[in-house]
Amino acid sequence: MENVQKEEQNSSPICSVLQILGAKWSFLVIAELAKGPRRFQQLHRDLVIVRTQSLTDALRHLEKNGIVHRDVFPTVPVSVEYSLTEKGADFQSSLKEMEKWALKWGDSAQFI
């Protein structure tokens, strides 16, 4: 029990951020939703490298943690639209800094 308490005390704020954001695809989902609200299929088309189940899992996790808002419209069939919450939109400056870092230090062949 002491080890668990020590780990929690030593856990950095970055670990907290990673727990809130969850999977690696979350960063891409947030970046895409920063452009405006999207329905699931549009997100899936825009994020072709993300499998359907991974996108679903990322959206659920982000919604659970207050990053993404899920709006259900009572149409036939039901329409669902995703958008960033204020908390999610506030993360944009961090994403921009990550992008600058990646452009400076990342393998430029990966970004083509």
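How many percent of the alpha carbon pairs in the range 24-82 exceed a separation of 15 Å? List each step's numbers first, then the result.
Working: 756 of 1711 pairs.
Beyond 15 Å sits 44 percent of the P(r) for the range 24-82.
Roughly how many percent of the accessible protein surface of the chain is carbon and sulfur, given a 1.4 Å probe and a whole-percent answer?
Numbers: 4620 of 8300 Å².
For the chain, the apolar C and S fraction of the accessible surface comes to 56 percent.
Using Cα atoms only, what is the angle between the long axis of helix 92-105 and the major principal axis of the chain, expressed in degrees (0 to 90) to the nearest 10?
Value to nearest ten degrees: 70.
Run the helix sum for the chain: -39,500 (n - 2.57) per DSSP H stretch of 4+ residues, divided by residue count, reported at 222 nm to the nearest 500 deg cm²/dmol.
Working: 7 runs with 65 residues, N = 112.
Using -39500 (n - 2.57) per qualifying helix, the result is -16500 deg cm²/dmol.
Taking loop as defined by DSSP and a crowding limit of 12 other beta carbons within 10 Å, which trypsin sites (Lys or Arg not before Pro) in the range 45-97 fit?
On the way: sites: R45, R51, R60, K64, R70, K87, K96; in loops: R51.
Within the range 45-97, the qualifying trypsin sites (Lys or Arg not before Pro) (loop, at most 12 other Cβ atoms within 10 Å) are R51.
Under 25 °C and 0.890 mPa s, how fast does the chain diffuse according to Stokes-Einstein, given a Kirkwood radius computed over C-alpha pairs? Answer in µm²/s, whole number. Let's see the in-between values first.
Values: Rh = 15.7 Å.
It comes out at roughly 157 µm²/s.
Taking Cα pairs under 8 Å and at least six residues apart, what relative contact order does the chain come out at, in percent? Can you show the working numbers first?
On the way: 91 pairs, mean separation 28.2, N = 112.
About 25 percent, as a whole number.
Explain nothing, just the number: dipole magnitude of the chain about its Cα centre with +1 on each Lys and Arg Cβ and -1 on each Asp and Glu Cβ, in debye rounded to the nearest 20.
Details: 14 positive and 14 negative charges, 70 e Å.
Dipole about the Cα centre, nearest 20: 340 debye.
The values are calculated or read from the model by the stated rules, or taken from the named source; none is laboratory data. Predicted model, so just to flag it, every value in this text is computed and none were measured. Methodologically, a virtual Cβ is constructed for each residue, glycine included, from the backbone with ideal geometry; neighbour enumeration extends over all protein chains shown. The area values use the complete protein model at the heavy-atom level, side chains included, leaving out ligands, DNA and RNA. Shrake-Rupley method; radii C 1.70, N 1.55, O 1.52, S 1.80 Å.
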